[in-house]
Amino acid sequence: MLILALVLIFAIAGVDQLIKSYILENFSLYQEKDFLKIGGLDIMHLKYIENDGSAFSSFSGQRVLLLVVTTVGMIVCSYLLVKYGKKNKLLYSSFIMILGGALGNMIDRIFHGGLVVDYLDLQLFQFAVFNFADCFVTVGTVLLMIYILFFMDKENKNDKT
């Protein structure tokens with residue numbers, strides 16, 4: 001089960017890096033192209049930007065802090081994955097997604113001068129430009145919150161009886 005988790009974590013980070021490599025090779029900074037349209041509805045563009053912060057550019061320019069926080073978070077998630085991941089598929093999936101996405105963005109911070117490559121630009125409403133790794137961190141975090149809110153107490157009660 002742990003080997004599968006590692007394969008999935010590295011697959012998420014690997015696909016993230018492949019997409020970012022494509023963007024870096026085929027786009028100039030701030031270049032934008034149509035990406036997803038359905039009929040006349042413009043849903044998403046590809047737009048190459050570089051982010052030196054975290055979500056919504058928070059902690060902009062704080063590369064060392066972001067690397068330290070990400071590393072600590074990844075260590076904690078890894079520990080929890082090993083300790084509790086077998087217990088619940090939702091918990092297992094959430095940690096894999098968070099770790100894969102965090103690894104993808106951490107690779108950028110280390111090897112891209114502290115900058116993360118973002119490229120997904122929603123057109124349906126005003127939103128920050130984001131990337132594949134961000135999607136996994138976000139969905140994994142939402143799944144973790146669902147587990148904590150709706151399943152954790154039930155499982156703890158079942159363990160005690």
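The values are calculated or read from the model by the stated rules, or taken from the named source; none is laboratory data. From a predicted model like this one, the values you see are computed outputs, not experimental measurements. All Cβ positions, even for glycine, are placed from backbone atoms using ideal geometry, and neighbour counts span all protein chains on display. The accessibility values were calculated without ligands, DNA or RNA, using every heavy atom of the protein model including side chains. Shrake-Rupley method; radii C 1.70, N 1.55, O 1.52, S 1.80 Å.
Structure values in brief
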{"item": "Count - residues of the stretch 42-64 that are touching a residue at least 60 places away in the same chain (Cβ under 8 Å) and not hydroxyl-bearing (S, T, Y)", "result": "12"}
{"item": "Among (1) of a type outside the set (V, I, T); (2) assigned to a helix (DSSP H, G or I); (3) open to solvent by less than 20 Å² (accessible area, probe 1.4 Å), the one test that Y119 misses", "result": "(2)"}
{"item": "Some residue of the stretch 151-158 being under 16 Å from the mean Cα position of the chain (by Cα) and without any contact (Cβ under 8 Å) to a residue 60 or more places away in the chain", "result": "no"}
{"item": "Number of positions in the stretch 31-83 that are part of a helix (DSSP H, G or I) and either surrounded by 13 or more Cβ atoms within 10 Å (Cβ to Cβ) or of a type outside the set (K, R) (or both)", "result": "23"}
{"item": "Residue count, the stretch 87-109 (criterion: in contact with a helix residue (DSSP H, G or I) (Cβ under 7 Å, 6 or more places away or on another chain) and open to solvent by 40 Å² or more (accessible area, probe 1.4 Å))", "result": "5"}
{"item": "The stretch 15-31 residues that are over 12 Å from V117 (Cβ atoms), paired with ones that are open to solvent by 50 Å² or more (accessible area, probe 1.4 Å) and in a helix (DSSP H, G or I) (beta carbon under 8 Å, 6 or more apart)", "result": "V15/F132"}
